[in-house]
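I have placed the structure first, in the form of structure tokens, so that the comments after it can refer back to it.
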Amino acid sequence: MKTNRKKEKSIKFMKRLAKNKLAIVGMIIIILLLIAAFGAEWIAPYDPNYQDTTAIFQKPGGTHILGTDNLGRDMLSRLIYGTRLSLKMGVFSVALAALLGVTFGSIAGYYGGIVDDILMRFLDIYQSVPGLVFCVALAAALGPGLENAILAVGITTMTGYARMIRASIMQIKNEEYIEAATAINARDIRILIKHILPNAISPVVVQVTMGIGGAILLSSTLSFIGLGVQPPAAEWGCMLAGGRSYMREYGYLVLEPGIAIMISVLSFNLLGDGLRDALDPRLRS
């Protein structure tokens with residue numbers, strides 16, 4: 001019976017999601033980005049770091065469809081390989097932020113009282129510093145690099161997940177089935193993981209999807225200012241930083257990675273909007 005109910009809910013969810021055409025467009029773009037990330041070795045026409053000194057600043061067209069940079073590297077190949085690093089930074093930083101946020105928020109929402117007050121005041125102080133400034137300061141303290149950029153972005157953005165899961169848990173923890181679990185002396189960790197979180201996680205799923213786009217943008221910003229992925233790695237923020245000195249004469253050097261960032265962020269936002277609408281309790285029959 002439970003399996004049938006789950007299947008019915010899944011089917012209804014997919015039907016609601018399919019009605020949102022923009023969400024489907026976003027999903028298709030994300031699938032294409034994933035294909036590019038995992039299949040870069042087979043899709044990219046050139047090695048991303050191969051320097052063809054005879055084709056420096058070759059404009060889009062011919063053998064290099066999207067042109068070459070100041071070192072003669074193929075822009076299309078670098079964009080394709082850049083998908084891998086940019087998605088990795090976005091996904092892993094959001095995973096870290098969600099893990100930290102859900103942990104803090106679950107503890108605060110479930111126990112309430114003094115525990116909730118202490119954790120929420122800590123988050124208030126945490127959020128009093130502008131997010132970008134805090135992220136840049138943390139990245140500078142940790143040092144440049146992929147892993148440190150992921151840590152900086154994840155730690156900076158975890159507060160939104162904490163507050164969201166806290167609000168959901170505070171609504172759910174007084175339900176009858178939670179009181180029943182408490183009455184039979186079920187452990188707190190079991191109540192949280194088995195009974196509360198599965199029913200409170202839907203808003204977090206939406207936030208994670210939309211958060212990946214924001215994390216990609218923030219990670220690219222760190223790479224652009226030299227605190228994220230370092231050259232000669234093919235990463236969209238690095239490509240923007242490398243092309244800014246030549247943008248007046250060769251605008252495609254910044255236009256192409258900029259469009260790649262914009263499309264990826266937009267696709268995750270479109271899918272997140274669709275998931276939010278599909279998971280909206282008011283639309284459930």
Exercise for review: With the condition kept exactly as written, say whether any residue in segment 251-268 is without any contact (Cβ under 8 Å) to a residue 24 or more places away in the chain and assigned to a loop (DSSP other than H, G, I, E, B).
Suggested key: yes
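Those residues that are among the aliphatic types (A, V, I, L, M) and either at pLDDT 80 or above or under 24 Å from the mean Cα position of the chain (by Cα) (or both), I need them from segment 170-211; list them, please.
From segment 170-211, those among the aliphatic types (A, V, I, L, M) are 170, 172, 178, 180-181, 183-184, 186, 189, 191-193, 196-197, 200-201, 204-206, 208, 210; that's our starting set.
Residues satisfying the conditions are 170, 172, 193, 197, 200, 201, 204, 205, 206, 208, 210.
Applying the selection to segment 140-154, what residues are small (Gly, Ala, Ser), assigned to a helix (DSSP H, G or I) and over 18 Å from residue 211 (Cβ atoms)? Quick ask: steps written out before the conclusion?
Residues of segment 140-154 small (Gly, Ala, Ser): 140-141, 143, 145, 149, 152, 154.
Filter again for assigned to a helix (DSSP H, G or I), leaving 140-141, 149, 152, 154.
Within segment 140-154, 140, 141 qualify.
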Review point. Does segment 143-168 hold any residues that are surrounded by fewer than 16 Cβ atoms within 10 Å (Cβ to Cβ) and of a type in the set (A, V, I, L, M, F, W, C), and which are they?
Key: 167
Practice item. Taking only segment 169-190 into account, find how many residues are crowded, with 16+ Cβ neighbours inside 10 Å and without any contact (Cβ under 8 Å) to a residue 60 or more places away in the chain. Key: 3
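The values are calculated or read from the model by the stated rules, or taken from the named source; none is laboratory data. Quick caveat: nothing in here was measured; it's all calculated off a predicted structure. Please note: Cβ atoms are built from the backbone with ideal geometry, for glycine as well, and neighbour counts cover all protein chains shown.
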